[in-house]
Amino acid sequence: MVQQVESIWFDGKLVPWNEAQVHVLTHTLHYGCGVFEGIRAYKLADGGSAVFRLKEHVHRHFNSAKILEMQIPFTEDEICDAILETLQANKMDEGYIRPLSFIGAGAMGVFPGDNPIQTIIATWPWGAYLGEEALDKGIRVKTSSFTRHHVNVMMTKAKTSGNYVNSVLAKREALADGYDEALMLDTEGYVSEATGENIFIVRGDIIKTTPLTSVLDGLTRNSIITVAKDLGYEIVEQRFTRDELYSADEAFFCGTAAEVTPIREVDRRQIGAGTGGRITKHLQTEYFKVVKGENPNYAHWLDRYTV
Ligand code: PPE
């Protein structure tokens, strides 16, 4: 169960958690045409708090809406301010932030007509997405029987609610089969992403990740690429196959919720030593330093606030 807090921001004002409700004929509830974000706020090493890459997440949110031709009646700055206001109202010095824009009730039928575009911002405490042990020891992954979206079936650059039906199917299957997460292949059979994370593999000193073609342009992925390059690692953005993953020295998933989670096994094949590799651990440590404000080089990625 999600841990309830006091308020949810709803179309411009804070309302009590239990009163943030919609009509059952809300268009998005029927047809899945909504867009959302996942953002984290962290308690900093110096005692303050900050939202990690707030502006970039909100910008991606507006791009998602643009792709789906949804006109959000707020500016990006207003949504950024509203996110900080919601964290403050809920007295949260850290936690997860979920903006969602959706097509409200009005006309029914696929064509949404003039139905209002509504926006909520919810926040809640959320620990390690795949469990504390996963961050340390890594997870077991299964290649999904479900293929990731074709770029012209769903718009893969938009964080569209409906896109996640594919993720839910894959995640359920992976868990039912005793694994922790599903690996999705794209329509041509190459590795794409997980149900809610991007993927990296390591061979020797070279770090490889999938190009953005059919995957979400993850901000964690982007942060890892930037930090890894600054640390002197070579990063290659190139398609790879599942057997290249099987024989990688190291592999990891990354995302706002999952942070940096090592992969210790794929389809019964142990990855490297099966404990999360040296470079994965290095990048994970550096990522946590960055989000917790312990690396001044990335202070511009932190939007500080006080509770
Ligand atoms: N791919 C997918 C499909 C995805 O959902 C996410 C985030 C990513 C990549 C990584 O993107 P970023 O967070 O910008 O690094 N998944 C969000 C939702 C997870 C959920 O279960 O809900 C998240 O991590 O917040």
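The values are calculated or read from the model by the stated rules, or taken from the named source; none is laboratory data. Please read these numbers as outputs of a predicted model, since none were measured by experiment. Neighbour counts are summed over all protein chains in view; Cβ atoms, including those assigned to glycine, are modelled from backbone coordinates with ideal geometry. Just the protein is used for accessible areas: all its heavy atoms, side chains included, with ligands, DNA and RNA removed. Shrake-Rupley method; radii C 1.70, N 1.55, O 1.52, S 1.80 Å.
If amide H atoms are built 1.01 Å from N in the plane of the peptide, which residues on other chains or at least 5 residues away come under 5 Å of the amide H of Glu250? Long-range HN contacts for Glu250: Val202.
What shape does the chain have by the C-alpha gyration tensor, where a ≥ b ≥ c are the square roots of the eigenvalues, rounded means a/c under 1.5, and otherwise prolate means a/b greater than b/c and oblate the rest? Since a/c reaches 1.5 but b/c is at least a/b, the shape of the chain is classed as oblate.
Note on the chain: with a GNM built from Cα contacts shorter than 10 Å, the maximum mean-square fluctuation among Phe111, Phe200, Phe74 falls on Phe111. Put a plus charge on the Cβ of each Lys and Arg, a minus charge on the Cβ of each Asp and Glu, and nothing anywhere else: the dipole of region 1-106 about its Cα centre is then about 280 debye. Does region 64-153 come out rounded, prolate or oblate by the C-alpha gyration tensor, with a ≥ b ≥ c the root eigenvalues, rounded set by a/c under 1.5 and, if not, prolate when a/b is larger than b/c and oblate if not? Note, shape of region 64-153 comes out oblate. Counted by Cβ distance under 15 Å from Ile67, the other residues give a net charge of +1, where Lys and Arg count +1 and Asp and Glu count -1. Solvent exposure of His59, expressed as accessible area, is near 90 Å², computed with a probe of 1.4 Å over the protein chains only.
Between the amide H of Glu193 and those of Met184, distances stay under 5 Å, these residues lying 5 or more places away or on another chain, with hydrogens modeled in the peptide plane. Within a straight-line Cα-Cα reach of under 17 Å, Lys229 can be paired with the following lysines, leaving aside sequence neighbours fewer than 8 residues apart in one chain: Lys208, Lys281, Lys289.
Of the residues Ile207, Thr156, Leu245, the one whose Cα sits farthest towards the positive end of the charge dipole of the chain is Leu245 (charges of +1 on Lys and Arg Cβ, -1 on Asp and Glu Cβ, taken about the Cα centre).
Dividing the mean sequence gap of close Cα pairs (under 8 Å, 6+ apart) by how many residues region 109-265 holds gives a relative contact order of 27 percent.
Peptides 152-160, 266-274 ranked from most to least packed by the mean count of surrounding Cβ atoms within 10 Å: 152-160, 266-274. Largest accessible area first, the listed residues Trp126, Trp17, Trp9 line up as Trp126, Trp17, Trp9 when surface is computed with a 1.4 Å probe on the assembled protein chains. Backbone phi angles across region 251-261, fed through the Karplus curve with coefficients 6.51, -1.76 and 1.60 (θ = phi - 60°), yield HN-Hα couplings of 8, 8, 9, 8, x, 4, 6, 7, 6, 10, 10 Hz in residue order; Gly and Pro are listed as x. Close amide H partners of Asp217, meaning residues 5 or more places away or on another chain with modelled amide H under 5 Å apart, do not exist here.
Backbone geometry of region 94-101 corresponds, through the Karplus equation with coefficients 6.51, -1.76 and 1.60 at θ = phi - 60°, to 3J(HN,Hα) couplings of 7, x, 9, 10, 10, x, 9, 10 Hz, x marking Gly and Pro. Run the helix sum for the chain: -39,500 (n - 2.57) per DSSP H stretch of 4+ residues, divided by residue count, reported at 222 nm to the nearest 500 deg cm²/dmol. Taken over the chain, the calculation gives -8000 deg cm²/dmol. Computed over the chain, relative contact order equals 21 percent, with contacts defined as Cα pairs under 8 Å that lie 6+ residues apart.
Using a cutoff of 8 angstrom between alpha carbon atoms and counting only pairs six or more residues apart, the relative contact order for region 158-214 works out to 22 percent. Using Cβ point charges alone (K and R +1, D and E -1), the dipole size of the chain about the Cα centre works out to roughly 400 debye. From the Cα gyration tensor of region 249-304, with a ≥ b ≥ c the square roots of its eigenvalues, which class applies: rounded if a/c is under 1.5, or else prolate if a/b is larger than b/c, or else oblate? Here region 249-304 falls in the prolate category.
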